Amino acid sequence: MACSALGNPFLKACEVWHDLLGSPATADFMRRSLDAGVVMDTWLSSHCQGSLTPEARRFLLDTVEGLVLHEPTPFPFLFTSGFQKVALHRILLSTVLRNSENKGEISLAEAQTTASEVRAFAAANGGPLQLVLLYAILVSQENYQALAQHRHLTRRDFILGTRHRPWSDSFGGEELEFGLKVGELEIFAAVNDQHIYLNRRGLDSLQRMEALLAASGWKNWQVEQQNISYIEHVDAQLTDTQAPVDYDVSYHRIATAVAAETTRFLDFSGVGPGMQVLEVGCGTGRMTLDLGLADRVLPEGRVVASDPSLWMLRKFHDKLRKWGGRLPQLTLSLARAENLPFGDAAFDTAVGFTFLPYAADPARAVREMTRVTRPGGAVATAVFLKWDARALAAFHPWLQPLLEIIRTHHPSFEFAGLDAGETADLFRAAGLVDVVTAPFSIPWVVDASRLTRFTMEMTAFSKVHDLLPSVEWRFLLKKLEEDAKTFFSTTSREERTFTVDYERVRGMVP
Ligand SMILES: C[S@@+](CC[C@H](N)C(=O)[O-])C[C@H]1O[C@@H](n2cnc3c(N)ncnc32)[C@H](O)[C@@H]1O
């Protein structure tokens with residue numbers, strides 16, 4: 001539903017919403033709410049559910065009923081009473097959990113204190129509807145950010161939050177309605193499913209929301225709650241690589257050798273017990289958690305794992321929780337390698353596996369890794385080399401339609417990857433000495449069930465997204481998936497294997 005259409009009954013509400021997102025008063029309101037300790041966080045609120053006594057739970061539900069405005073609101077199209085209820089309930093739950101400092105069961109008395117604080121704050125700040133507005137911004141930012149990363153989500157995934165809010169059993173039906181009403185989400189109907197995607201206007205709102213959350217201090221606060229530090233969130237999010245939900249499984253299944261090569265890389269980088277280690281571009285924690293970097297270094301040492309993708313870090317964080325919660329010597333940090341939020345010589349070594357080809361400025365990333373490593377310490381990385389997807393397409397005919405588009409419209413387009421020797425040159429240019437390079441290769445086996453999405457959304461093709469209008473991209477992806485089925489059923493595993501060349505590079509800080 002487009003807001004700009006004349007005569008659209010939601011036009012006014014859309015404009016109100018859009019104006020609110022650009023208003024300093026909104027940022028100020030958000031800041032005041034944080035200062036007053038009134039918070040909203042989907043992660044906190046879903047964790048609170050199990051901690052309340054039955055009386056406290058009942059009491060909070062009754063409080064919500066008392067706060068919801070049943071009479072017409074200034075934004076009748078935006079905030080239905082269902083939406084208001086969910087919002088106020090989540091605000092109360094997050095706030096009471098935060099106030100309880102995780103001490104165990106939350107009593108009726110604690111719920112009562114929190115409820116009166118929330119009421120008092122609402123009364124002094126424009127009423128409960130203002131709180132609903134806060135909720136709408138925070139939760140929309142979470143949804144839109146997921147859509148910006150995934151390009152689209154099925155209706156089911158969107159509503160259940162399977163991909164972007166896996167910690168919660170919440171129901172996002174109202175959130176979807178809200179996004180559709182304000183003309184920022186749209187539905188694309190495919191054969192068997194409906195896909196939700198973010199239109200231009202939604203993308204614009206996402207940027208405004210990110211700016212609001214950063215300016216008001218909310219983003220910092222929220223990320224602290226999730227035990228990750230927050231740096232340079234905004235630009236990193238929007239230029240992020242796409243990440244399918246079963247990233248680890250797909251990666252290891254398609255490129256089986258990557259596990260052994262990651263271990264070899266750890267040997268090569270020389271990380272060991274007691275060291276202060278920085279991992280950049282850590283992704284989901286494959287190297288630090290699954291393949292033993294933390295085991296090699298902890299408990300005497302310390303690991304800081306950083307990545308600019310909140311999505312990746314959330315996966316990392318979820319894994320960590322399954323491993324028994326926090327590891328005090330392991331910190332997650334939201335940061336781009338080009339701008340590391342650490343002091344000079346803060347680490348014994350800085351390492352990163354296959355992140356450099358994604359960095360917007362690889363030279364700066366290497367300089368930053370060098371800066372934060374102490375004299376005598378090692379900087380090490382592994383990169384994949386540039387590979388020409390045109391050659392791949394001769395090999396995999398089902399990729400032809402995509403390459404046709406690229407060839408016609410963007411003849412100078414370059415696929416991701418670095419040239420052989422380029423990383424070593426960057427290392428030397430950053431002042432590193434004793435630079436050593438070791439080539440290796442990893443066979444990638446095209447897998448019917450996983451490859452299309454995974455390949456299209458990663459490596460060489462991640463850059464292609466930006467070239468195509470999103471509708472064209474969606475149709476193309478669908479066509480490729482259909483063609484791929486034929487391809488997979490008529491070829492052998494060997495015929496579906498292609499080899500990607502890599503380099504390990506290490507240098508020492510003089
Ligand atoms: C192919 S994944 C590799 C993840 C992880 N190192 C592994 O081996 O599983 C690439 C990672 O680089 C990250 N990345 C993208 N741009 C980056 C940048 N400018 N600085 C640091 N990391 C970046 C992505 O978010 C993603 O997690």
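Throughout, read-outs are computed from the coordinates displayed, never taken from laboratory work. Remember, predicted model here, so these are calculated numbers, not experimental data. Neighbour counts run over all protein chains shown; Cβ positions are idealised from the backbone, glycine included.
A simple spin-label model places pseudo-atoms 7 Å from Cα toward Cβ; at R32 and A120 they are separated by 1.5 nm. Applying both filters, DSSP loop and at most 10 other Cβ atoms within 10 Å, to the GluC sites (Glu not before Pro) of the range 249-347 gives E300.
How much length is gained on full extension from T437 to D419, taking 0.36 nm per residue of separation minus their Cα-Cα distance?
Numbers: separation 18, 0.36 × 18 = 6.48 nm, distance 1.28 nm.
So the extension gain works out to 5.2 nm.
Excluding V277 itself, what net charge comes from residues whose Cβ is under 13 Å from its Cβ, given Lys and Arg +1 and Asp and Glu -1? Summing Lys and Arg as +1 and Asp and Glu as -1 gives -1.
Where Lys and Arg each count +1 and Asp and Glu each count -1, what net charge lies around L108 among other residues with Cβ under 9 Å from its Cβ? Mind showing how you got there, number by number?
Numbers: positive: R58; negative: E55, E110.
It works out to a net charge of -1.
In this simple spin-label model, placing a label point 7 Å from the Cα along the Cα-to-Cβ direction at both A257 and Q130 gives a separation of 6.2 nm.
Lysine pairs, Cα distance under 25 Å, 8 or more residues apart or cross-chain: how many in the range 11-225? Step by step, the pairs that qualify in the range 11-225 add up to 5. Each Lys or Arg adds one and each Asp or Glu takes one away; over the other residues whose Cβ falls under 10 Å from the Cβ of G352, this sums to -2.
Computed over the Cα atoms of the range 11-225, what is the ratio Rg over Rh, Rh following Kirkwood?
Details: Rg = 16.8 Å, Rh = 17.5 Å.
Looking at the range 11-225, the ratio lands at 0.95.
Once the C-beta distance of D344 and K319 is scaled by a Förster radius of 25 Å, the resulting FRET efficiency is 0.20 to the nearest 0.05.
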